[in-house]
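What follows is a short report on a single structure.
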Amino acid sequence: MILKVNRLIIIHIDTLRREYPYCYLLKKGFEQLGYRVLLVSRRNIRAVLNIVLPEILIVSHCFSLSSDFMRKIKDKTDIYVIGVEAIGDGSYMWPYDYPEEVDLRSFKGIFLWNRYFRDWLIQNREIASERVYCVGSPRVSMSKYIEKKNTNVIGFVGRFEFLNTFDKRPALTNLINMKDDRRHFLYRFFAEVEGAVIYGDIIDYLINSGFKVSIRPHPQECESTYNVLKDKYKGKLAVDDSAEYLGWLESVGLIVATLSTSLTEAYLIGKPIISVDRMFKENYMIHYDKWMENYMSIAYAPSSLEEVKELFKNDLNAKRSSPEMDEYLERHYNIKGDQGFDALEKIVRVIHKESGTGNRCPWVRYMFVRVMFFHLDIILLIRSYFRKTLYREFHYNYCCFWNKPSSFMKRAAAKFVASLK
């Protein structure tokens, strides 16, 4: 028997470091409007829904649950999708995110980043246009809560997810198991190997010159691998292992990186960016993420270590404006000027309006649900321990027992909730 709970919202966090921060803000926003909210992960979403049926279910992908299961519950639960990504080749990404075999009629609403994706979905899949919303990026919209601080810490953005996998899987394993598009990933491996050497040379120069360095590993990287650098540069190099990126970005004064979408927020808040891509012997972006070359227009792009040294002898401008990047932001993120940073507000208001008014979830019933949720999660974590997959629960899946909101998330949530009043 499944317990139906009115005014309860369940939000699915597919990947911890990608979605947890903005899902936390959504949680606090809905709570301000009188809902009760549970955050779930890949580990427990299906198990929870076999026990508790909420009034509203928010998932990260249209295939987070089976089509049969969603058709089964759609008449009792309003199901929404909040897209997690939109950057890249639309001819490949969009059909992958919304495959033909998924019945989109099960969803009451789908929130996408830009109008191009929205137009494609309406034209190519069976879904009513009034159910598809163009709201911008929930993650990027949080950049408006970043406070500008003066700091001399140099931030390095990790980009070594294939070379340094979060589960410590050897790179050779990835190569052997590769089936499709092997050439595509080989270029990525080459870039990661050379990029790691370039990072190492720059970090050594900076620390020996008196700078402090903070490294933010890619969400799919193993942070402990960087202990070799922490041991080498005792007290002068830190590795950020928090679940959210923007608080770290707030703490550094300048970003050193290879081209990636992680530079979007840095550009929007005016952080100077140094791209190392011209230091590579080969332009790997031509073969890999070619569409990211727009980020080169907003970055200082030295072609050698000597040019890097010269850059740090000068005062770098706070921001490098770029018409190319501005057009790119409008196309992919729905950002134009200071408009396009209200994705979270739009999502909450749309869902709240469509759900109508209602009484709060009874306190006793909600507490019963919470107790069941905690016991279920403990059982699933014990199962992960015996299956030797517990590392995923710490690194990849959200868990209410240890993934607590950061000070930045709490501060952002307070401002977000105030905007809904």
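The values are calculated or read from the model by the stated rules, or taken from the named source; none is laboratory data. Please read these numbers as outputs of a predicted model, since none were measured by experiment. For neighbour counting, all protein chains shown are included, and Cβ atoms are generated from backbone atoms with ideal geometry for every residue, glycine included.
Some notes on this structure:
- Of all the residues in region 351-391, those that are of a type in the set (A, V, I, L, M), closer than 17 Å to P54 by Cβ and in contact (Cβ under 8 Å) with a residue 40 or more places away in the chain number 4.
- Scanning region 315-329 for any residue that is assigned by TED's automatic domain parsing to the domain that holds N44 and either of a type in the set (V, I, T) or free of Cβ contacts under 8 Å to residues at least 12 places away in the same chain (or both) turns up nothing.
- Among residues of region 125-156, those that are in contact with a strand residue (DSSP E or B) (Cβ under 8 Å, 6 or more places away or on another chain) and in a helix (DSSP H, G or I), counted: 2
- Note on region 231-285: among residues that are in a loop (DSSP other than H, G, I, E, B) and among the charged types (D, E, K, R), the one that is surrounded by the most Cβ atoms within 10 Å (Cβ to Cβ) is E244.
- The one condition in (1) under 22 Å from the mean Cα position of the chain (by Cα); (2) assigned to a strand (DSSP E or B) that V213 fails to fulfil: (1)
- All of A196, A171, A191 fail the test of being of a type in the set (A, V, I, L, M), out of contact with any strand residue (DSSP E or B) (no Cβ under 6 Å at 6 or more places or on another chain), free of Cβ contacts under 8 Å to residues at least 60 places away in the same chain and closer than 30 Å to L316 by Cα, apart from A196.
- Some residue of region 12-21 being within 30 Å of H218 (Cβ to Cβ), of a type in the set (D, E, K, R), out of contact with any Cys (no Cβ under 6 Å at 6 or more places or on another chain) and free of Cβ contacts under 8 Å to residues at least 40 places away in the same chain: no
- Qualifying residue in region 213-220 (condition: surrounded by fewer than 21 Cβ atoms within 10 Å (Cβ to Cβ) and charged (D, E, K, R)): no
- Residues that are assigned to a loop (DSSP other than H, G, I, E, B), modelled with pLDDT of 85 or more and not acidic (D, E) within region 310-366 comprise K313, N334, I335, G337, G340, F341, listed in sequence order.
- Residue match in region 157-165 (condition: on the phi < 0 side of the Ramachandran plot, β-branched (V, I, T), out of contact with any Leu (no Cβ under 9 Å at 6 or more places or on another chain) and assigned to a helix (DSSP H, G or I)): no
- Hey, A299 in contact with a strand residue (DSSP E or B) (Cβ under 6 Å, 6 or more places away or on another chain) and within 27 Å of S137 (Cβ to Cβ) or not: yes
- The set of residues from region 68-126 being of a type in the set (G, A, S) and without any contact (Cβ under 8 Å) to a residue 24 or more places away in the chain comprises just one member, S91.
- Meets criteria (surrounded by fewer than 14 Cβ atoms within 10 Å (Cβ to Cβ), small (G, A, S) and at pLDDT below 95) for S106: no
- Residue in region 224-242 that is under 17 Å from the mean Cα position of the chain (by Cα) and among the hydroxyl-bearing types (S, T, Y) present: yes
- Residue in region 59-66 that is more than 15 Å from R131 (Cα to Cα), among the hydroxyl-bearing types (S, T, Y) and touching a strand residue (DSSP E or B) at 6+ places or on another chain (Cβ under 7 Å) present: yes
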